[in-house]
Amino acid sequence: MAEEKFVFDSLQDCETIKDFLKALIDGFEKHSIDLSTNGNEIHLEPHGLLNFTVKAKKKGTENKLSIKVEWKESSSVQASESAFLKVR
C-alpha cells in the first residue's frame, strides 16, 4: 500500500488553533477526519482504541506542546489500566 502524508505548518493565533482543535474533536466523534491544504488532502477514520501521547517542554522562552494520536486500521489493543491524563 502506498504511503499517504499530509503536513501543514503555519503561524496561527490561539483562537484559530482552538477552532482547529474543535474541528478535530468533531472528527473523532464522527470517526472521520478530512484534512486539506493547497491541493494536498488526506482522509482518516479513527476508531477503537488509539495510542495517545502528550509532550510538553519549556526551555528559556521557548515552549512546545506536542499531541500525537496513532491507530491501526484493525486494532485489538487493550487499554492501559494506568492511562490517565489531566488537562486544566
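Here, each number is a calculation from the coordinates, and none is a lab measurement. Since the model is a prediction, treat every value here as computed from it, not as a measurement. Every residue, glycine among them, receives a Cβ derived from its backbone with ideal geometry; neighbour counts consider all protein chains shown.
For Lys30, a cut-off of 17 angstrom between C-alpha atoms picks up these aspartates and glutamates, skipping any fewer than 8 places away in its own chain: Asp19, Glu45, Glu70, Glu73.
Taking neighbour counts of Cβ atoms within 10 Å as a proxy for exposure, in what order, fewest first, do Leu21, Leu35 appear?
Leu21, Leu35
In the set (1) 33, 17, 11; (2) 23, 21, 13; (3) 30, 13, 9, the label that goes with semi-axes √(5λ) of the Cα gyration tensor in Å computed for this structure is (2).
Report relative contact order for the range 14-70 in percent, whole number only (criteria: Cα-Cα under 8 Å, sequence separation at least 6). Please list the in-between numbers first.
Working: 53 pairs, mean separation 11.9, N = 57.
Normalised by residue count, the contact order of the range 14-70 is 21 percent.
The HN-Hα couplings worked out from phi for the range 56-71 by the Karplus form 6.51 cos²θ - 1.76 cosθ + 1.60 (θ = phi - 60°) are 9, 8, 10, 9, x, 8, 8, 10, 9, 10, 10, 10, 10, 10, 10, 7 Hz, whole numbers, x standing for Gly and Pro.
Rounded to the nearest Hz, the phi-derived 3J(HN,Hα) couplings of the range 37-53 under the Karplus curve 6.51 cos²θ - 1.76 cosθ + 1.60 (θ = phi - 60°) are 6, 6, x, 9, 8, 8, 10, 10, 10, x, 7, x, 8, 10, 6, 10, 10, where x marks glycine and proline.
For a straight C-alpha distance cut-off of 26 angstrom, the lysines reachable from Lys59 (same-chain residues fewer than eight places away being disregarded) are Lys18, Lys68, Lys86.
Could you work out [θ]222 nm for the chain from helices alone, using -39500 (n - 2.57) per DSSP H run of at least four and dividing by all its residues? Round to the nearest 500 deg cm²/dmol.
Values: 1 runs with 17 residues, N = 88.
It lands at -6500 deg cm²/dmol.
Within the range 1-57, the trypsin sites (Lys or Arg not before Pro) that combine a DSSP coil assignment with at most 15 other C-beta atoms in a 10 angstrom radius are Lys5.
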